[in-house]
Amino acid sequence: MNKDQPDVTSDMLIKRDSLKSKLKKVGMESVEVPVRLELPEAGSGFQVASADIYVNLDSSRAKGIHMSRLYISLHKNLESQPLSFKLIRQILSEFLVSHKGLSTCSYLNLRFDLPLERKSLISSNKSWRKYPVEIIGKYDGKNFDINCSFGVLYSSTCPCSAALSRQLIQQHFLESFKVLKDNDQVSTHDIFEWLGEEKNILATPHSQRSKATVTVKIQQQDLSCIENYINMVEEGLQTPVQGIVKREDEQAFAKQNGQNLMFAEDACRTIKAQLASQPDLEDFQIKVSHYESLHPHNAVSYASKSF
């Protein structure tokens, strides 16, 4: 720093007693930063991520913090090293070192997209999907607290709507063959042909794109654990959205939906049961949102490890 230039943050102290107070968080939000990911399938990749960076202001008399120091530390570390939980801890530590005497707690929220390759359900095609991830870190000078949040998109078919649709088809079936006498038989061929006509399947259940947002508090130190949890959620729900689909894939997807009818409560309980079985998870939070095609509002469900 040029010593001839004024440094208001360092040189000026709050003089009015009525304004002297500590602040919980001071910093910057939505900072554009580089992120380098080392992934087993995709190799080394680079993207621009978004970060929120803060420290507390533990001095009640200090005018403010040194925001540029936070920015420089964050950018330098993320640009030079692959992203890891170890690197997150290093950045949080440097935030406090750069604000010695001013701050006792540092925070970092880092948002980026995790690319994962996905195979089609039946065909040999593959596609890439991106999953929104947020790493939420905190360091109080003694303890590091790191949570990870991710989102999974899937399809949900309403069990109630499915039952009502089946009832209408049953009723239509009886109406279609009511001209038959009691001792007449309906052949398998007749039923097969009847089921194949679009006019006879006169109702279908409503389904919608849905999203599970999961936050986990983890002990592992490897970013690959995020991919493992994403895979776990998708395997449990059975109906993750697809990238590239041929007709055989679309048919298989329709079958998956038909065999995995779910309300928002069902989806949330399924994910909760999976995560509760993982011994390395200290805690987790779940939010499930079904973006209803029947209603103009969403159906939602929440759960956590303790409730």
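The values are calculated or read from the model by the stated rules, or taken from the named source; none is laboratory data. Keep in mind it's a predicted model, so treat the numbers as computed, not measured. Glycine also receives a Cβ, built like all others from the backbone with ideal geometry; neighbour counts cover every protein chain displayed.
Descriptive notes on the structure:
- Only one of Gly45, Gly64 that is in a loop (DSSP other than H, G, I, E, B) and not basic (Lys, Arg): Gly64
- The single condition among (1) among the charged types (D, E, K, R); (2) in a helix (DSSP H, G or I); (3) farther than 30 Å from Lys287 by Cα that Asp184 does not satisfy is (2).
- Ala42 meets all of the listed conditions (1) small (Gly, Ala, Ser); (2) surrounded by fewer than 20 Cβ atoms within 10 Å (Cβ to Cβ); (3) at pLDDT 90 or above but one, namely (3).
- Residue within segment 99-113 that is more than 30 Å from Gly243 (Cα to Cα), assigned by TED's automatic domain parsing to the domain that holds Pro40 and among the acidic types (Asp, Glu) present: no
- In the condition set (1) over 30 Å from Ile88 (Cα atoms); (2) modelled with pLDDT under 95, Ser156 is compliant with all but (2).
- Answer residue from segment 56-83, given it is of a type in the set (Gly, Ala, Ser) and crowded, with 16+ Cβ neighbours inside 10 Å and is nearest to Asn147 (Cα to Cα) among those: Ser73
- Whichever residue in segment 116-175 is among the β-branched types (Val, Ile, Thr) and part of a strand (DSSP E or B) and, among such residues, is farthest from Leu96 (Cα to Cα): Thr157
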